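Peer 1: Here it is, the structure, as structure tokens.
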Amino acid sequence: MTDKFEKEPADATPPVSKEASAASVAPEAIKAVPVRHWGRYVSAVVVLALVGLLVNAFATADKIQWSAVGDYVFDDTVLKGAGRTLLISVLSMIMGVVLGVILAVMRLSKNPVTSWVAWVYIWFFRGTPVYVQLLLWFNLALIFPTLNLGPIYKDEMVDVMTPFMAALLGLGLNEAAYMAEICRAGLLAVDEGQTEASHALGMSHAKTLRRIVIPQAMRVIVPPTGNEFINMLKTSSLVYAVTYNELLRATSTIGSTSYAVMEMLFVACIWYLVMTSVFSVFQFYLERRYARGTSRSLPATPWQKVKANMISLSSWRR
């Protein structure tokens, strides 16, 4: 008896349905169209128009002699004043950092006397203006006409408290109060388990601070310290009050003799902007370095930001 249905050959391919054939075709590539933020474009145009009007107002002002600005930017007196600004800022910052670390350790000490003294110091110098502190140091001879340290040193206070010394003490001691809080925050940011583990290994408290706590706290302390130094560059202009011949006083002296007051203030602004901009670049890369290991992605560098903006502009034009 034979079968009524003939067998299909082994090499015959099964029929393909329409759905399967449609699924086997590669999908068409999706063309992404970026969303256009019209509000951003309008606000950018408005801001640029306002900035243009402001620049044009100063550029076309009849009473501003812009040629004088160019003539005095690299004047010897101005350059020496800028150098003194850098000098007093660096020395004051060094004093502030050293005293700030000491005060932070005193604040965290279990000794109530040292902790209380550090708290009073920070309370006083943070609670009074820098300008007032500078005047107090500069006029200290009104209270103590003579500085008498016994057999060690004795001299007239007016000879000791020079404008440079008054500026250094006024800026450095004030900065120490702020650096103390920054250092204290950095020390508290280190996990207590690190201290407990070092004590369990037989390390003393001083050695624990020096070898374990402070190196780890630097990740928190260093970035704001850079910001404090940039602020110190600008705060140093207050030493004008104690007749220290820094950048602002140098430019003001030239302005009063040449009757180019506003022009010399512009010269001072140029040099302050140059110094703060240079140190801002160093601060950015310093913060970027200490962000390693704590952030999933490092902040973009200025060149990377420019490159990203150029790519976004080119894609918008398309």
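Peer 1: Filter the chymotrypsin sites (Phe, Trp or Tyr not before Pro) in the stretch 120-200 down to the DSSP loop ones having no more than 12 other Cβ atoms within 10 Å, then list what survives.
Peer 2: 153
Peer 1: Still on this model: For the stretch 64-291, give the magnitude of the charge dipole about the Cα centre (Cβ charges: +1 Lys/Arg, -1 Asp/Glu; no others), in debye to the nearest 20.
Peer 2: 700 debye
Peer 1: Determine the relative contact order of the stretch 64-291: mean sequence separation of Cα pairs under 8 Å and six or more apart, normalised by residue count, in whole percent.
Peer 2: Reported as a whole number, the value is 31 percent.
Peer 1: With every protein chain kept in the model, how would you rank 234, 110, 207 by accessible area, 1.4 Å probe, largest at the top?
Peer 2: My answer, sorted largest first, is 110, 234, 207.
Peer 1: On to the next question. For the stretch 223-268 and the stretch 99-128, what is the separation of their C-alpha centers, rounded to whole Å?
Peer 2: Answer, in whole Å: 31.
Peer 1: Among 69-79, 244-254, 37-47, how do they line up from the highest to the lowest mean number of other beta-carbon atoms within 10 Å?
Peer 2: Per-residue Cβ counts within 10 Å, averaged per peptide and sorted highest first, yield 244-254, 69-79, 37-47.
Peer 1: May I ask you to list the residues of the stretch 147-173 whose amide nitrogen lies under 20 Å from a point 7 Å from Cα along the Cα→beta-carbon direction of residue 123?
Peer 2: Label zone hits: 173.
Peer 1: By how many nm would the segment from residue 142 to residue 154 grow when fully extended, if each residue of separation counts as 0.36 nm and the alpha-carbon distance is taken off?
Peer 2: Result: 2.7 nm gained on full extension.
Peer 1: Can you tell me the FRET efficiency between residue 191 and residue 284 if r is taken as the Cβ-Cβ distance and R0 is 41 Å, rounded to the nearest 0.05?
Peer 2: 0.90
Peer 1: Related question: Rounded to whole Å and ordered largest first, report the semi-axes of the equivalent ellipsoid of the stretch 64-291 derived from its Cα gyration tensor (root of 5λ).
Peer 2: Values for the stretch 64-291, descending: 38, 25, 12 Å.
Peer 1: Kindly state, to the nearest 0.05, the FRET efficiency for residue 210 paired with residue 252, given R0 = 45 Å and r defined as their beta-carbon distance.
Peer 2: After rounding, the FRET efficiency stands at 0.45.
Peer 1: In whole Hz, what ³J(HN,Hα) sequence does the stretch 77-89 give by Karplus (6.51, -1.76, 1.60; θ = phi - 60°), x for Gly and Pro?
Peer 2: Result, rounded to whole Hz: 5, 5, 5, 5, x, 5, x, 5, 4, 4, 4, 5, 5.
The values are calculated or read from the model by the stated rules, or taken from the named source; none is laboratory data. Worth saying up front: this structure is predicted, and the values here are computed from it rather than measured. Cβ coordinates were reconstructed from backbone atoms using ideal geometry, including for glycine residues, and neighbour counts include every protein chain displayed. Each accessible area value is taken on the protein alone, full model and side chains, heavy atoms only, with ligands, DNA and RNA left out. Shrake-Rupley method; radii C 1.70, N 1.55, O 1.52, S 1.80 Å.
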